[in-house]
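The values are calculated or read from the model by the stated rules, or taken from the named source; none is laboratory data. All values reported here derive from a predicted model rather than from experimental measurement. Reconstructed Cβ throughout: ideal geometry from the backbone, glycine too, with neighbour counts over all protein chains shown. Surface areas here come from the heavy atoms of the whole protein model, side chains and all, with no ligands, DNA or RNA. Shrake-Rupley method; radii C 1.70, N 1.55, O 1.52, S 1.80 Å.
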Amino acid sequence: MVVLSQPLVENVSHIKTCKHNNTTSDHVYTGIIPVIDLLDPEANNLIIKACQEFGFFKVVNHGVPIETITKLENESINFFNLSQIEKDKVGPAKPFGYGNKRIGSNGDVGWVEYLLFTTNPELNHNKSITIPGNSLLFWGLVNEYISAVRNMGCMVLEMIAEGLNIEPKNILSRMLSDEKSDSCFRLNHYPPYPELLQALSGRNLIGFGEHTDPQVISVGRSNSTSGLQISLKDGTWISVPPDPYSFFINVGDSLQAMSNGRFMSVRHRVVADSLKARVSMVYFGGPPLSEKIAPLSSLMEDPNEQILYNDFTWSEYKTSAYKTRLGDNRLSLFEKNAQS
């Protein structure tokens, strides 16, 4: 699900002003993003609150080795620094492989190039992708990173289950740990654009248009270049200060449906930086294709609570999402009151 839904250029006036600590800023607000220490005894409850209020939070003490992060980032930079001819040999992305500006099949574009891989070893898509240089080293680092981040994502999902007092503990995490989990992993590179700065006249260059992620959760991080923005419930866009040694968790559409709307799938986007390159890594934790997505029965004990979503399989939702623009509210097609 890597289709852009926004025009390549956007006016900065679309970003609302947010006040915090008696200061006003149009860009970075450091005190509003929930930061959760996974070793905190109260982490379970803090995660639940963050999922309800933001659908997004930052985690520290996550257990992913810094060496694992930095080695893969360095190899990613080496790839994106190759000539365009060499990089194009790894594409085009259909959907896996190398993509550049033109993303997906819906005519959407963004100021981004990327590598997208599946994490399902039963699929053969990755086997046909040969990375120039030391391909074995690259794939070894990718697999090491994915394993570490998947484990951390599973831990977060088990904390969510505990915070919601639902059993079994792995009711959510099993979807990611299942050998048939339909997860994917993307490396993004947002190049600087100093030669376009004057022509833009104060407008932002959109690296990746606004959207929600369709999976259960997404686990992302970036280098020290800013660009990620999330939308609050009132529609205010806020910039997320980068932290190369921490991770950011997004609630996805599937988890919003399974929580019967208790959690919010966060709408987010990336704005490119005019002078500095941004490199990010995102693990999209998805369930097996045959997994039924429905409000969890253990949450629906109140007979007066209305079920908001029709049951659907992940395969059905994924197929539907590929037919829409990512800026659309795809989950609305599966609401109980949606037109058939």
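Taken as a whole, the condition of being buried (at least 23 other Cβ atoms within 10 Å of the Cβ) and touching a residue at least 60 places away in the same chain (Cβ under 8 Å) does not apply to GLY235. Residues that are under 26 Å from TYR98 (Cα atoms) and not in a helix (DSSP H, G or I) within the stretch 128-164 comprise ILE129, THR130, ILE131, PRO132, GLY133, ASN134, listed in sequence order. So how many residues does the stretch 210-235 have that are under 22 Å from THR68 (Cβ atoms), of a type outside the set (D, E, K, R) and in a strand (DSSP E or B)? Residues that pass the stated criteria total 6.
So, in the stretch 66-111, of the ones that are modelled with pLDDT of 95 or more and not in a helix (DSSP H, G or I), which residue ends up surrounded by the most Cβ atoms within 10 Å (Cβ to Cβ)? Once the filter is applied, the top-ranked residue is LEU82. Determine the pairs where a residue that is at negative phi, located within the stretch 128-146, has a partner that is assigned to a helix (DSSP H, G or I) and open to solvent by 20 Å² or more (accessible area, probe 1.4 Å) with Cβ atoms under 8 Å apart, the partner being 6 or more residues away or on another chain. Going by the 8 Å Cβ cut-off, the qualifying pairs are ILE131/TRP139; PRO132/GLU86; LEU137/GLU75; PHE138/GLU75; TRP139/ASN126; LEU141/LYS71; LEU141/GLU75. Against the conditions (1) modelled with pLDDT under 95; (2) touching a Lys or Arg at 6+ places or on another chain (Cβ under 9 Å); (3) open to solvent by 10 Å² or more (accessible area, probe 1.4 Å); (4) under 29 Å from ILE77 (Cβ atoms), LEU200 satisfies every one except (2).
Among the residues that make up the stretch 162-176, is at least one of them surrounded by fewer than 19 Cβ atoms within 10 Å (Cβ to Cβ), within 27 Å of THR70 (Cβ to Cβ) and at pLDDT 85 or above? Within the stretch 162-176, none of the residues are surrounded by fewer than 19 Cβ atoms within 10 Å (Cβ to Cβ), within 27 Å of THR70 (Cβ to Cβ) and at pLDDT 85 or above.
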